[in-house]
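What follows is a short report on a single structure.
The values are calculated or read from the model by the stated rules, or taken from the named source; none is laboratory data. No experiment lies behind these values; they were computed from the predicted model shown. All Cβ positions, glycine included, derive from the backbone under ideal geometry; neighbour counts span all protein chains shown. For the accessible areas, the whole protein counts, side chains as well, though only heavy atoms, and no ligand, DNA or RNA atoms are used. Shrake-Rupley method; radii C 1.70, N 1.55, O 1.52, S 1.80 Å.
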Amino acid sequence: MSTLSTVLAFILLFGALVFFHELGHFIFAKRSGILCREFAIGFGPKILAFNKNETTYTIRLLPLGGYVRMAGEDPELIELKPGLRVGLILDKNEVVKKIIINRKEKYPDARIIEIEQADIEKDLIITGFEEEEEETIKSYKIDEKAVLVENGIESQIAPIDRQFSSKSLLARTLTIFAGPLFNFILAIVVFILLGFIQGVPSNEPMLGEITNDGAAMKAGLKQGDIVHSIDDAEVSTWLDIVEIIQENPGDPLTFHIERDDKRMDIQVTPQNIEGEGKIGVYQPMNKSFGQAFVYGFTETWFWTKQIFIILGDLVTGGFTIDAFSGPVGIYASTEAVAQSGIFNLFRWGALLSINLGIMNLLPIPALDGGRLLFFGIEALRGKPIDKNKEGFVHFIGFALLMLLMIVVTWNDIRRFFL
């Protein structure tokens, strides 16, 4: 696989994981009435941006993450202090639609006032002295979707009921939890599709696809043959067939099979490949939608348990930090997986999605799990923790995560490139 193809596969794969994660946050935030200022995939300079329904959608240069910028999570916009001269764009009902902070000369129709008082969160009122009537104070109602314009850039105001912090504890919890949840949903959907297209591995004592160069083809075995016994040893599962074949490399075996409602015996001599018997038969696959649907959930649950086992080994010392992989390691692994086919690449993406969901749910500051931990404390206390204290904890957590990322990335570079 060429370097360009690997890079594109990595960007699309990682971008899809981040997109679905942030989509979870975004959908639940919208349903809660939170103003989402930006939905971003990637970090750094903007490559593409467009506005729709109060939100700016952006694709940024570095495809290593993303975010949904919700009103109320950061300090809100510009503070309209008394004495500030601004321009007001009014509608026909004298309601403020735009507040021009600077470059007011570009808006000749703007009504210029010197602010005496302004409230763009609760009462939505701006009061001030008009330029032409300096001794007259006048108040204007501000539209709840009014925008502030600074240096030609428009930013919609966020009344208090549109801010993240004003929502109920349940709404905030669901909004944050939805990101990891959507990673699990993505994995389930991918596994369902794989199960429907490729089929779900079956443990029936039946032969799957026959290879052209194996002993099974030479002996006359066919796909769909039901195996009742091998050398008079009864078999009831696919694993029974595999075990007998592997234990008899080079030894003739008599397969008692059923084909088209007819019973027959066929002798097969397994090839000796690295000390194990092989006859060139794949496991049977079930392509029913019902089986594929169940497979999506069972595979997701299986890999979720495996990842938690690894995390447990990390705590007990059975798994070290040197075994962790960051973006560099994921890129190298993606290159190897992509060479084995598109279906394996999709499976790899599902595993990464599960991993991303679990990692984000860990109670680590700066991650979704860390925020959920603070919500849990809030539920127990009956009141939220001071924003400054919570922000400091998240800042420390973020700094430690960046340090961990540097260590993991260096380990990846040594492992794969040095």
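Numbers at a glance
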quantity	calculated
Test: residue in segment 83-92 that is loosely packed, with under 15 Cβ neighbours inside 10 Å and not in a loop (DSSP other than H, G, I, E, B)	no
Scan of segment 5-33 for residues that are in contact with a Cys (Cβ under 8 Å, 6 or more places away or on another chain) and closer than 19 Å to Ile188 by Cβ, ordered by number	none
Residue match in segment 134-144 (condition: open to solvent by less than 60 Å² (accessible area, probe 1.4 Å) and at positive phi)	no
Wholly within segment 161-253, helices (runs of 4 or more DSSP H) carrying at least 2 residues that are closer than 30 Å to Lys30 by Cβ and under 42 Å from the mean Cα position of the chain (by Cα)	169-198
Segment 157-189: number of residues that are polar (S, T, N, Q) and touching a Leu at 6+ places or on another chain (Cβ under 6 Å)	1
Residue identified as within 20 Å of Ile354 (Cα to Cα), modelled with pLDDT under 95 and open to solvent by less than 20 Å² (accessible area, probe 1.4 Å) among Gly66, Gly72	Gly66
Helices (runs of 4 or more DSSP H) lying entirely in segment 301-403 (those with 3 or more residues that are more than 22 Å from Phe14 (Cα to Cα) and modelled with pLDDT of 90 or more)	368-381
Single match in Leu23, Leu13 (criterion: in a helix (DSSP H, G or I), touching a Phe, Trp or Tyr at 6+ places or on another chain (Cβ under 9 Å) and surrounded by fewer than 21 Cβ atoms within 10 Å (Cβ to Cβ))	Leu23
Filtered residue count, segment 261-300, keeping only those that are of a type in the set (D, E, K, R), farther than 23 Å from Asp225 by Cβ and surrounded by fewer than 16 Cβ atoms within 10 Å (Cβ to Cβ)	1
